[in-house]
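To start, the structure under review is shown below, and the notes come after it.
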Amino acid sequence: MLKKSISSVLCLVITCLTPFISYASQVKTVAITAIVEHPSLDEIRDGVKDELIAQGYKLNDNLIIQYQSAQGSSANAAQIAKQFVANKPDVIVAIATPSAQAVAASTKTIPLVFAGITDPVAAKLMKSFSPTGTNITGISDYLEIQPQIAFMKKIVPNLKTVGYVYSPGEVNSTIVLKELQEQLIKQNINIVAVPAQRTADIPTAAKSLKGKVDLIYTTTDNNVVSAYEALVKVANENKIPLLASFPDAIERGAVAAFGMSYYDVGRQSGKLVIRILNGEKPGQIAPETGQETHLVINLEAARRQGVVLSNEVIQSAYRVINAK
């Protein structure tokens, strides 16, 4: 009788737990980390989340999303990566190069989807834009330089010198600088590149461009974006057009931006996450680049920075803000 009772209890426990075990196996965990919080990177995070929800996942039901920012610190990025790996999520999404490199160094098994990285090959996350055969895939925000230069010349037709503030320790920025130097010289356009190792160095670097350049060009260098208002202040006070490769910049005071929507990059990254959650191996999924670019314009910023935009340029814009 005792054996039968024990057996009955065990069967009852297993039967009762089965639905919970089954449910737990259906809950997916996606860990998201970014090197710093700023509008462009935040939009990638939001795009990933919204794509997962659009595909039927429900937050805190069958989907758990963990998020941590490294607050601009590579040491924090490494610590977050180790913590995420210890938690064993189904997928880790790493936004920006330092965070992706930290995760890649911490795991060779948990799927890693990188997002918002200009050159993942130079960042040593992969060897080419082919399936990696590893635990890594993702979305690059790489932009061809020639269209960017054409964009600059549309805003400043008699362009002679471009100013560029960058972080020497950030691969994205140094890659863009090298390409700018190679392509601008072919068009007899000079570039004044000023390094700024820390966010606190951005104001001084921006001020050093006064009287030396016809425009200031900015990319998604995380230090620069985090201190973007310092660049805007210099541009406004000295009538230097401030241009960007990311559309969010116009809301913060750039005259114009020509680039891809980082929210769309997030949605695109979310699609890769879903493919992995559905059973595909990240190493069999070819990395991609962002799919759409748009010209956006801030007319009030143009007035403040002494820029007269042609009707042709304004009419060609995808979006215009502060029109009167």
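Looking only at residues that are part of a helix (DSSP H, G or I) and surrounded by 22 or more Cβ atoms within 10 Å (Cβ to Cβ) in the range 215-227, which one is modelled with the lowest pLDDT?
Among residues in the range 215-227 that are part of a helix (DSSP H, G or I) and surrounded by 22 or more Cβ atoms within 10 Å (Cβ to Cβ), the one modelled with the lowest pLDDT is ASN222.
Looking at (1) under 24 Å from ARG45 (Cα atoms); (2) under 24 Å from the mean Cα position of the chain (by Cα); (3) not β-branched (Val, Ile, Thr), which is the only condition TYR217 fails?
Unmet for TYR217, out of (1) under 24 Å from ARG45 (Cα atoms); (2) under 24 Å from the mean Cα position of the chain (by Cα); (3) not β-branched (Val, Ile, Thr): (1).
So which helices (runs of 4 or more DSSP H) are wholly in the range 259-324 and hold at least 1 residues that are in the same structural domain as ASP119 (by TED's automatic domain parsing) and surrounded by 16 or more Cβ atoms within 10 Å (Cβ to Cβ)? Steps first, answer last, please.
On the way: elements: 262-277, 299-304, 311-316.
The qualifying helices (runs of 4 or more DSSP H) are 262-277.
Name the pairs: first residue in the range 302-324 and at positive phi, second residue aliphatic (A, V, I, L, M), Cβ to Cβ under 6 Å, at least 6 apart or on different chains?
Sorted first by the residue in the range 302-324, then by its partner, the pairs are ASN322/LEU299.
From the set of residues in the range 135-160 that are surrounded by 21 or more Cβ atoms within 10 Å (Cβ to Cβ) and among the small types (Gly, Ala, Ser), which is nearest to the chain's Cα centre (by Cα)?
Ranking the qualifying residues of the range 135-160, first place goes to SER140.
Can you name every one of the strands (runs of 3 or more DSSP E) wholly within the range 1-108 that holds 1 or more residues which are modelled with pLDDT under 95 and not β-branched (Val, Ile, Thr)?
Strands (runs of 3 or more DSSP E) meeting the threshold: none at all.
List the strands (runs of 3 or more DSSP E) inside the range 131-200, counting only whole elements, that have at least 1 residues being outside the structural domain of GLY211 (by TED's automatic domain parsing) and closer than 18 Å to ALA115 by Cα. Steps first, answer last, please.
On the way: elements: 136-140, 161-166, 190-195.
Fully inside the range 131-200 and qualifying: 136-140.
Going through the range 164-183 one residue at a time, which ones are touching a Leu at 6+ places or on another chain (Cβ under 9 Å) and under 14 Å from GLN148 (Cβ atoms)?
Answer for the range 164-183, where residues must be touching a Leu at 6+ places or on another chain (Cβ under 9 Å) and under 14 Å from GLN148 (Cβ atoms): TYR164, VAL176.
Please find, among THR199, THR174, the residue that is touching a Pro at 6+ places or on another chain (Cβ under 9 Å), surrounded by 15 or more Cβ atoms within 10 Å (Cβ to Cβ) and either among the charged types (D, E, K, R) or at pLDDT below 95 (or both).
One residue alone meets the criteria, THR174.
Among the residues of the range 118-134, count how many are free of Cβ contacts under 8 Å to residues at least 60 places away in the same chain and surrounded by 15 or more Cβ atoms within 10 Å (Cβ to Cβ).
Number of matching residues: 4.
The values are calculated or read from the model by the stated rules, or taken from the named source; none is laboratory data. Quick caveat, the model's predicted, so the values are computed rather than measured. As a convention, Cβ positions derive from the backbone with ideal geometry for all residues, glycine included, and neighbour counts pool all protein chains shown.
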